[in-house]
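The values are calculated or read from the model by the stated rules, or taken from the named source; none is laboratory data. This structure is a prediction, so every number in the text was calculated from the model and none was measured. Cβ placement follows ideal geometry from the backbone for every residue including glycine, while neighbour counts extend to all protein chains displayed.
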């Protein structure tokens with residue numbers, strides 16, 4: 001199948017549409033048959049032991065989605081962050097300054113607004129919920145806007161969202177870890193050290209990294225109390241990012257191998273000569289050596305993360321029961337904090353911090369990007385959805401608080417997306 005036909009697999013629109021469909025299905029399912037929804041995701045339990053301690057973990061489908069599948073998703077996020085740091089929009093101080101500074105504003109303002117509404121209450125721990133950005137939704141809406149916005153705005157928003165994800169991982173690791181079991185954590189850190197040493201030693205075997213990453217690092221972090229998604233990012237940073245042979249060497253060897261295949265050009269039989277088979281195998285091996293392992297893994301994981309993991313997560317987390325009592329909760333401090341944080345705090349923080357950086361001459365707007373574009377992108381960043389729903393379960397143990405927070409996230413994300421889309425559609429291109 002041609003790469004053109006497969007383009008939809010990597011399109012942000014595809015991921016965004018699937019996310020919307022999953023969320024709608026979850027809402028309908030939970031409200032039409034709440035008992036069935038709860039039974040499927042929460043009531044069916046399996047007992048699992050890591051072998052590192054006597055503790056037995058009770059696992060249900062919801063935990064599998066949130067702690068296993070999302071660890072893979074965060075592994076993918078980690079690969080994206082590492083690539084951007086090595087050779088992307090975060091690879092130099094000059095490139096990274098603007099999106100990272102904007103991301104800091106987009107984290108501090110929503111968290112501060114939430115804290116303002118909830119200070120002194122039992123729900124104050126939810127301050128991390130409105131600071132997140134759903135990159136699939138944000139880039140999906142931007143893709144729908146299309147050529148009306150400059151490509152540089154997509155680059156800016158992508159880098160901003162990745163910076164946002166990096167800060168979210170740090171916040172989860174530091175503030176949403178209740179109890180740490182040091183023995184298990186040390187085993188996990190030892191696993192990361194082994195992977196890092198293997199990277200430096202030039203080991204490129206994928207099975208080695210996946211086995212140590214899953215069986216040692218992920219399991220140990222899960223047992224330690226530090227959320228397993230942090231393990232996903234940590235393992236991603238150990239994945240080799242250097243090519244084994246130079247492109248010049250690859251091309252020279254590839255030319256020789258192609259020349260050896262000339263004898264097959266006019267052969268009509270499907271059966272190839274033994275030497276031709278060897279040449280093709282060598283070509284495959286050379287192609288892998290000439291490629292960046294990190295990029296190969298990121299490219300392979302992209303459709304799995306956006307077309308499977310995130311929709312499944314949405315299906316298991318967006319199913320909140322909406323009844324008449326929800327109207328009375330609209331003035332709840334949790335709702336006000338999340339809604340104001342995402343709808344007001346996100347765009348305001350991003351705009352002000354971006355403005356401050358340009359005033360201080362530490363950075364400038366990307367080519368073709370206007371301040372209206374920055375405001376519109378700021379509202380798209382207010383679509384917290386996946387990350388906000390994820391942090392909700394970490395922040396609150398009380399089911400009632402979780403439901404209220406998730407409804408607020410859903411409503412605020414929709415409003416932010418509509419406002420951002422409207423602003424960008426009405427913003428003329430820069431001269």
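Within the stretch 336-356, count every residue that is more than 24 Å from the chain's Cα centre (by Cα) and buried (at least 20 other Cβ atoms within 10 Å of the Cβ).
Counting residues in the stretch 336-356 that are more than 24 Å from the chain's Cα centre (by Cα) and buried (at least 20 other Cβ atoms within 10 Å of the Cβ) gives 0.
In the list 189, 214, 222, which residue meets the criterion of being under 23 Å from the mean Cα position of the chain (by Cα), under 24 Å from residue 295 (Cα atoms) and assigned by TED's automatic domain parsing to the domain that holds residue 395?
Answer to the selection: 214.
Tally up the residues in the stretch 396-413 that are more than 19 Å from the chain's Cα centre (by Cα), surrounded by 15 or more Cβ atoms within 10 Å (Cβ to Cβ) and assigned to a helix (DSSP H, G or I), please.
Total meeting the criteria: 9.
Restrict the check to the stretch 368-381 and report whether at least one residue is touching a residue at least 24 places away in the same chain (Cβ under 8 Å), surrounded by 23 or more Cβ atoms within 10 Å (Cβ to Cβ) and on the phi > 0 side of the Ramachandran plot.
Checked against the condition, which is being touching a residue at least 24 places away in the same chain (Cβ under 8 Å), surrounded by 23 or more Cβ atoms within 10 Å (Cβ to Cβ) and on the phi > 0 side of the Ramachandran plot, the stretch 368-381 yields no hits at all.
Give the residue, chosen from 9, 28, that is at pLDDT 80 or above, over 30 Å from residue 187 (Cα atoms) and out of contact with any strand residue (DSSP E or B) (no Cβ under 9 Å at 6 or more places or on another chain).
One residue alone meets the criteria, 28.
Every residue in the stretch 414-431 that is touching a residue at least 60 places away in the same chain (Cβ under 8 Å) and assigned to a helix (DSSP H, G or I), please.
Step one: list which residues in the stretch 414-431 are touching a residue at least 60 places away in the same chain (Cβ under 8 Å), which gives 415-417, 419-421, 424-425, 427, 429-430.
Result: 415, 416, 417, 419, 420, 421, 424, 425.
Looking for something within 28 Å of residue 201 (Cβ to Cβ) and touching a strand residue (DSSP E or B) at 6+ places or on another chain (Cβ under 9 Å) - is there at least one such residue anywhere in the stretch 213-222?
Yes.
Residue 99: over 23 Å from residue 393 (Cβ atoms), touching a residue at least 24 places away in the same chain (Cβ under 8 Å), buried (at least 24 other Cβ atoms within 10 Å of the Cβ) and assigned by TED's automatic domain parsing to the domain that holds residue 172, yes or no?
Answer is yes for this residue.
Matching residues to (1) at pLDDT 90 or above; (2) part of a loop (DSSP other than H, G, I, E, B):
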| position | (1), (2) |
| --- | --- |
| 53 | no, yes |
| 57 | no, no |
| 66 | no, no |
| 72 | yes, no |
| 75 | yes, no |
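Would it be correct to say that residue 359 is in the same structural domain as residue 108 (by TED's automatic domain parsing), surrounded by fewer than 20 Cβ atoms within 10 Å (Cβ to Cβ), on the phi < 0 side of the Ramachandran plot and without any contact (Cβ under 8 Å) to a residue 40 or more places away in the chain?
Spelling it out, residue 359 is indeed in the same structural domain as residue 108 (by TED's automatic domain parsing), surrounded by fewer than 20 Cβ atoms within 10 Å (Cβ to Cβ), on the phi < 0 side of the Ramachandran plot and without any contact (Cβ under 8 Å) to a residue 40 or more places away in the chain.
Restricting attention to the stretch 193-218, and to residues there that are part of a loop (DSSP other than H, G, I, E, B) and in contact (Cβ under 8 Å) with a residue 40 or more places away in the chain, which single residue is farthest from residue 75 (Cα to Cα)?
202
For the stretch 8-28, enumerate the residues that are in a helix (DSSP H, G or I) and farther than 16 Å from residue 410 by Cα.
8, 9, 10, 12, 13, 14, 15
Examine the stretch 415-422 for a residue that is on the phi > 0 side of the Ramachandran plot, surrounded by 23 or more Cβ atoms within 10 Å (Cβ to Cβ) and either at pLDDT 95 or above or assigned by TED's automatic domain parsing to the domain that holds residue 125 (or both), and state whether such a residue exists.
No, every residue in the stretch 415-422 fails to be on the phi > 0 side of the Ramachandran plot, surrounded by 23 or more Cβ atoms within 10 Å (Cβ to Cβ) and either at pLDDT 95 or above or assigned by TED's automatic domain parsing to the domain that holds residue 125 (or both).
Can you pull out the helices (runs of 4 or more DSSP H) entirely within the stretch 219-321 that have at least 2 residues that are surrounded by fewer than 19 Cβ atoms within 10 Å (Cβ to Cβ) and touching a residue at least 12 places away in the same chain (Cβ under 8 Å)?
It comes to 247-260, 274-290, 293-304.
Quick check, is residue 195 within 23 Å of residue 238 (Cβ to Cβ) and either outside the structural domain of residue 351 (by TED's automatic domain parsing) or touching a strand residue (DSSP E or B) at 6+ places or on another chain (Cβ under 9 Å) (or both)?
Spelling it out, it is not the case that residue 195 is within 23 Å of residue 238 (Cβ to Cβ) and either outside the structural domain of residue 351 (by TED's automatic domain parsing) or touching a strand residue (DSSP E or B) at 6+ places or on another chain (Cβ under 9 Å) (or both).
Here are 273, 340, 291: which of them is modelled with pLDDT of 90 or more and out of contact with any strand residue (DSSP E or B) (no Cβ under 6 Å at 6 or more places or on another chain)? Working first, answer last.
Details: 273 fails: modelled with pLDDT of 90 or more; 291 fails: modelled with pLDDT of 90 or more.
340 is the lone residue from the list that is modelled with pLDDT of 90 or more and out of contact with any strand residue (DSSP E or B) (no Cβ under 6 Å at 6 or more places or on another chain).
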